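The values are calculated or read from the model by the stated rules, or taken from the named source; none is laboratory data. Given the structure is predicted, the values throughout are model-derived calculations rather than measurements. Here Cβ is always computed from backbone atoms with ideal geometry, including for glycine, and neighbour counts include all displayed protein chains.
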2 protein chains.
Amino acid sequence: MREIKIGILGFGTVGAGVVEGIQKNGALMAERTGIVPRVAKIADLDIQTDRGLVIPDGVLTTDALAVINDPEIDLIVELIGGTTLARTFTLEALRQGKRVITANKALLADHGKEIYRTAQENNTGIYYEASVGGGIPILRSQRAGLIGNRIESIFGILNGTCNYILTRMEREGLPFAEILADAQQLGYAETPPDLDIDGIDTAHKAVILASMAYGAPVPMSACSTKGIRGMSASEIANAEELGYRIKLLAIIKDNAGEVELSVEPTLVPKEHMIASVSDSFNAVFVKGDIVGETMYYGRGAGRLPTGSAVIGDIMEAAADKLNDVGVPVSVTMMLQRDSLTYCSADNIEKRCYVRLSLEDKPGAMAQVMTIFGKHNISIASVVQKERHAAGYAPVVILTQEAKESEFSAAMDEISALAVSRHVPVRMRLEDFE
Amino acid sequence: MREIKIGILGFGTVGAGVVEGIQKNGALMAERTGIVPRVAKIADLDIQTDRGLVIPDGVLTTDALAVINDPEIDLIVELIGGTTLARTFTLEALRQGKRVITANKALLADHGKEIYRTAQENNTGIYYEASVGGGIPILRSQRAGLIGNRIESIFGILNGTCNYILTRMEREGLPFAEILADAQQLGYAETPPDLDIDGIDTAHKAVILASMAYGAPVPMSACSTKGIRGMSASEIANAEELGYRIKLLAIIKDNAGEVELSVEPTLVPKEHMIASVSDSFNAVFVKGDIVGETMYYGRGAGRLPTGSAVIGDIMEAAADKLNDVGVPVSVTMMLQRDSLTYCSADNIEKRCYVRLSLEDKPGAMAQVMTIFGKHNISIASVVQKERHAAGYAPVVILTQEAKESEFSAAMDEISALAVSRHVPVRMRLEDFE
C-alpha cells in the first residue's frame, strides 16, 4: 500500500462531496488500487460552516497557498470555481510540478491553453473529468477507451438545468418562465440562471470536448451559442406532434477537416436514445470512425456525482504521481496542434424547424415556398395548423439540410413579406443520419 | 515519441480489425499519447487468406510461441479465442512478464483467477476491455471513472445477437425460430447459436463485470442463467401491452453483502433508458453509491468496435510498460479478496410476469390467487385475455417482489391445478426502483 496526500482548495458543495466520498469509500479504493487516498489539507475562507462531515484537527485551513507550498502534499484539487483565484492557484501548483485535479469548466474553456502548457512544461498533469458531464466518465472514455478513434461527431446534453426545464415543459405544457421559477425554488436552477439557460455552461463543456476530440484548445468564440431562454410551449408541442423532442444540444462535428461547434435548442427524433435523456440527467453521444456510435449517460451535476468524477481523477493522478508518469494523456491530447480551423456559423449545414404565422390568403404559402426555393432549402414536411381568429394561421415546416447563411437570408425575406405576421421561429433539427 | 512493439496472436475477425484500426489511426494515436504502436508480429495458422490489409514482409508467422518469446516484443494481444491454446499462450506471456491484451470472455470467466494471479506474481498486467460490451469502455469506466464507488447494481444487455432477435420479434411480431434463422443468414447469429441464445455468452460477461465490481473472480456456477431460446411472440406482445419490453438482462446486485447474479429474459419498463437499446447494440447500466445511475451504450461486437476496445487496451498497456507501472488496476481489482458470498438463486427477490391458461370456470382465478397468497406473492396487476375456442383463457399477472423459491413452489402448485392448462410461463420483471 502506498499513500497519497491530497490538498483540497475550496470546501463548497463539490469539495464536501469529494471528502464525503473518500471518507466513505477510501478503504475500498485502497483495496482496489493499492493506493490510500488521504485528505491532508482542506483550504477555504470559511472553515466554520458545518458541512456535516467530521474533519480531523489540523486539516482545515484558510491559507490555500500554504497547501500548495506544503512539500508533503502531492495532489492539489481545485474546487474554488471562477477563473481568477482558481487560475492563479492552478498555475502555481503546476509550476511546482504538482498534479492538479479540477472540476472548473470555465477555467479550462477560458484558460485551457495556458494551463495545459504549464502542465507540460513542468512535466506534470491536469485532470478534469468532472468539468464535463458531472459523474459521467466521458473525457476518460474519449482519451482512453476511444483513443484509437478519429471522432466524427459528438452530441451532448450537458446542462442538467436546461434539460430539467425542457422535460418539465414537455410533460406539463407550462410556460418557460413558470417552470424556471419553480426550478429555482427547488434548487434545480440558480439565481440568476443566465449561465445555464443562455447556453454558456453547455458551451464551456462543448469547448472542452471539442478540444480533446481534435487536439487543440478551442476558444469559446468558435462555439455558436444559443440557449433556451423564452422557449415557447407551442414549439415543444409542435415538435412532439411531429415525433421530435427539443433538447439543448452541443453539436461537435468533423466537417471535412473543419471543426463545427454549436450549442442550440435542437429537435431530436423521439426514438433516438438521446431523446430519452430526461430531467436533470446528462448524456454524451460519441461517434468514432472505428467504434461507431457510443453513448454515456448519468448525473451531470451535484455534490456526489461530481465528487465521484473528481475522486476518479484523484486516483489516476495519484497513480501517475507514484509511477512517475510525467505528462499524462489528458494534457498531451490537448496539445497535438497549435490551432484548428473552424466551420463558420454561416457555413454550418443543418436541417431546421420553422414556425411562421401566415395571413390566410391565396398565394401566401407560395410566396414562402418561393423564398425557400431561391435559397436552395428543400422542404421535408409542412403542417398548417388551424387558423387563429385574426385570420393568421401557424405553419410548421421541417426542412432538409441547407446552409445557415441561406436559412438566415430566407428568414429575413419571409419576415418582410406582407402576409407574414410575427417574427418566424427557427430551430435546428438533428436526425443523426 | 516512444515506440511499442506489439505481437498479435490470432488474425481472425477481431485481429484484422485491430490491425486495420492501427494502420488507419496509428499516427493519430501517437500524436495523442506520445507512443507509436507498431504491429511487429502477427501469428496465425492461416497466413494465406487475404484479410484485405497490406501486411509488411516478415510480420506474419505461424509460430505463436516465437512471438511470445521474441525479446523485442513488449505486448501480446491474444485473439485466438477458446480456452485451451489461448490459456497456455496467455499464461506463458504473463510468466515472461509481458503485458497481455485479450478479448476472450470465456477465458476470463473460466480461468480468470489463475490469469490475474499469474499477472500479479510476474509484476505485469492483463487488459480485457474488449471482453465485455465490445467497443463500449465499460470495464475501464468501472475501474477508473467510478473507482470511488461501491457498486450497488449493474444491469446489462450484453449479447447483440439476442437483442437483435428480440428487437425484430417485437417489431415484426414473428416467431423466434423464424427470426433466428434469418439472423443466422444475415450473419447476426452463429450456427449453432447456443452460446448466444442460451445466455452463456451473456453470463461470461456478467461474471467479469461482477468480479470487477466485487473484487474477486466469480465462478460461472454463481450465475443463474436462462436464455431466450423459444421466446414466444405472445409474451413480447403481452409485455408491450403492459408497457414493458423483454430484454435478455444480466443482473448483478449487492444484495446486503451477498452478490446476486443472474442472466434471464426480463421485462423492463418501456420508458427506462435500457428499453431503448435496440438491434444488436449493447448497454450497461451501473448504479454506484456516489455517482448514482450511469449508462454506457454502443456496439457490443464486430470487427472494428471490438478492435477499438483492444486498441484502447494496447495503448494503456503500452503506457504501463513504458512507465514501468507494475501490476495495473485491471488485475488488483480482481484480487481484492479470496472469495465472495453469493445469493442463492432461490433467495433472489424479484418481481415476475406470469402467463397462465385457465379454464373459464367460476373459482378458477380464486384457486390461483390463493396459491399466490399462500406463498406471500402480492399481485400488482391481472389481465384476463379473450377466451380461446377451447374454453381456456390466457391470464397475465404482474406480481410484486417475492422470493424465487416461493415463485417456483407457487408455479408447481398452479401447474397441478385441474383448471390450469399448459405449463405457466414466468419471466422476471425489473422496475429499477
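Structural remarks
- Test result for A:Gly17, in a strand (DSSP E or B), within 29 Å of the chain's Cα centre (by Cα) and not hydrophobic (A, V, I, L, M, F, W, C): no
- Across the stretch B:120-149, the qualifying residues are those that are among the hydrophobic types (A, V, I, L, M, F, W, C) and within 14 Å of chain A (Cβ to nearest Cβ), and the one among them that is surrounded by the fewest Cβ atoms within 10 Å (Cβ to Cβ) is B:Ala144.
- If the condition is being within 14 Å of A:Met334 (Cα to Cα) and part of a helix (DSSP H, G or I), then the stretch A:207-227 contributes A:Val207, A:Ile208, A:Leu209, A:Ala210, A:Ser211, A:Met212, A:Ala213, A:Tyr214.
- Subset of the stretch A:381-405 [more than 26 Å from A:Lys287 (Cβ to Cβ) and in contact with a Phe, Trp or Tyr (Cβ under 9 Å, 6 or more places away or on another chain)]: A:Val396, A:Ile397
- Taken over the stretch A:232-285, the residue count meeting the criterion of being in a loop (DSSP other than H, G, I, E, B), in contact with a Phe, Trp or Tyr (Cβ under 9 Å, 6 or more places away or on another chain) and of a type in the set (A, V, I, L, M, F, W, C) is 2.
- The residue of the stretch B:232-270 that is surrounded by the fewest Cβ atoms within 10 Å (Cβ to Cβ), among those that are more than 20 Å from B:Gly133 (Cα to Cα) and polar (S, T, N, Q), is B:Ser232.
- Residue count for the stretch A:368-383, restricted to those that are surrounded by fewer than 17 Cβ atoms within 10 Å (Cβ to Cβ) and either hydrophobic (A, V, I, L, M, F, W, C) or touching a residue at least 60 places away in the same chain (Cβ under 8 Å) (or both): 6
- All of (1) within 14 Å of chain A (Cβ to nearest Cβ); (2) surrounded by 20 or more Cβ atoms within 10 Å (Cβ to Cβ); (3) under 30 Å from A:Pro37 (Cβ atoms) hold for B:Asn163 with one exception: (3).
- Residue within the stretch A:235-243 that is within 19 Å of A:Glu152 (Cβ to Cβ) and in the same structural domain as A:Lys205 (by TED's automatic domain parsing) present: no
- Some residue of the stretch B:298-305 being of a type outside the set (A, V, I, L, M), outside any strand (DSSP E or B) and within 13 Å of the chain's Cα centre (by Cα): yes
- Count of residues meeting criterion [free of Cβ contacts under 8 Å to residues at least 60 places away in the same chain and among the β-branched types (Val, Ile, Thr)] in the stretch A:59-99: 7
Rundown of residues vs (1) out of contact with any helix residue (DSSP H, G or I) (no Cβ under 8 Å at 6 or more places or on another chain); (2) of a type in the set (Lys, Arg); (3) within 14 Å of another protein chain (Cβ to nearest Cβ); (4) surrounded by fewer than 15 Cβ atoms within 10 Å (Cβ to Cβ), yes/no style:
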| position | (1), (2), (3), (4) |
| --- | --- |
| B:Val18 | no, no, yes, no |
| B:Val36 | no, no, yes, no |
| B:Lys41 | no, yes, no, no |
| B:Ile47 | yes, no, no, yes |
| B:Asp63 | yes, no, no, yes |
| B:Pro71 | yes, no, no, yes |
| B:Arg87 | no, yes, no, no |
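- Matching entry among B:Glu114, B:Glu92 (being more than 26 Å from B:Val19 (Cα to Cα) and surrounded by fewer than 20 Cβ atoms within 10 Å (Cβ to Cβ)): B:Glu114
- Remark: pairs (first residue in the stretch A:1-20, hydroxyl-bearing (Ser, Thr, Tyr); second residue part of a helix (DSSP H, G or I); Cβ separation under 7 Å; 6+ apart in sequence or on different chains) = A:Thr13/A:Arg303.
- Selection count where residues are surrounded by fewer than 23 Cβ atoms within 10 Å (Cβ to Cβ) and more than 27 Å from the chain's Cα centre (by Cα), scope the stretch B:20-32: 9
- Scope the stretch B:290-300; condition more than 18 Å from A:Ile147 (Cα to Cα) and either out of contact with any Ser or Thr (no Cβ under 9 Å at 6 or more places or on another chain) or crowded, with 24+ Cβ neighbours inside 10 Å (or both); matching residues: B:Ile290, B:Val291, B:Glu293, B:Thr294, B:Met295
- On the stretch given as the stretch B:244-297, residues that are within 24 Å of B:Tyr353 (Cα to Cα), more than 10 Å from chain A (Cβ to nearest Cβ) and among the hydrophobic types (A, V, I, L, M, F, W, C) total 12.
- Of all residues in the stretch B:277-289, those being closer than 18 Å to B:Gly135 by Cβ and either surrounded by fewer than 21 Cβ atoms within 10 Å (Cβ to Cβ) or not β-branched (Val, Ile, Thr) (or both) number 7.
- Subset of the stretch B:386-414 (residues that are modelled with pLDDT under 95 and either loosely packed, with under 14 Cβ neighbours inside 10 Å or touching a His at 6+ places or on another chain (Cβ under 9 Å) (or both)): B:Glu386, B:Arg387, B:His388, B:Ala389, B:Ala390, B:Gly391, B:Tyr392, B:Pro394
Each row is one residue, and each column tells you yes or no for (1) within 14 Å of chain A (Cβ to nearest Cβ); (2) at pLDDT 95 or above.
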{"position": "B:Pro305", "(1), (2)": "yes, yes"}
{"position": "B:Ala319", "(1), (2)": "yes, yes"}
{"position": "B:Leu322", "(1), (2)": "yes, yes"}
{"position": "B:Val325", "(1), (2)": "yes, yes"}
{"position": "B:Met333", "(1), (2)": "yes, yes"}
{"position": "B:Cys343", "(1), (2)": "no, yes"}
{"position": "B:Asp346", "(1), (2)": "no, yes"}
{"position": "B:Lys361", "(1), (2)": "no, no"}
{"position": "B:Gln384", "(1), (2)": "no, no"}
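- Filter pass, A:Ala181 being hydrophobic (A, V, I, L, M, F, W, C) and at pLDDT below 95: no
- Any chance B:Ile311 is more than 28 Å from B:Arg99 (Cα to Cα) and within 12 Å of another protein chain (Cβ to nearest Cβ): no
- Against the list (1) over 24 Å from A:Val291 (Cα atoms); (2) touching a residue at least 60 places away in the same chain (Cβ under 8 Å), the condition B:Asp279 fails is (1).
- When residues of the stretch B:386-433 are limited to those that are touching a residue at least 40 places away in the same chain (Cβ under 8 Å) and among the basic types (Lys, Arg), the one nearest to B:Asp346 (Cα to Cα): B:Lys403
- Test: residue in the stretch B:306-328 that is more than 30 Å from A:Gly34 (Cβ to Cβ), touching a residue at least 40 places away in the same chain (Cβ under 8 Å) and either crowded, with 24+ Cβ neighbours inside 10 Å or in the same structural domain as B:Leu108 (by TED's automatic domain parsing) (or both): yes
- Identity of the residue in the stretch B:154-192, among the aliphatic types (A, V, I, L, M), touching a residue at least 40 places away in the same chain (Cβ under 8 Å) and outside any helix (DSSP H, G or I), that ends up farthest from B:Thr306 (Cα to Cα): B:Leu174
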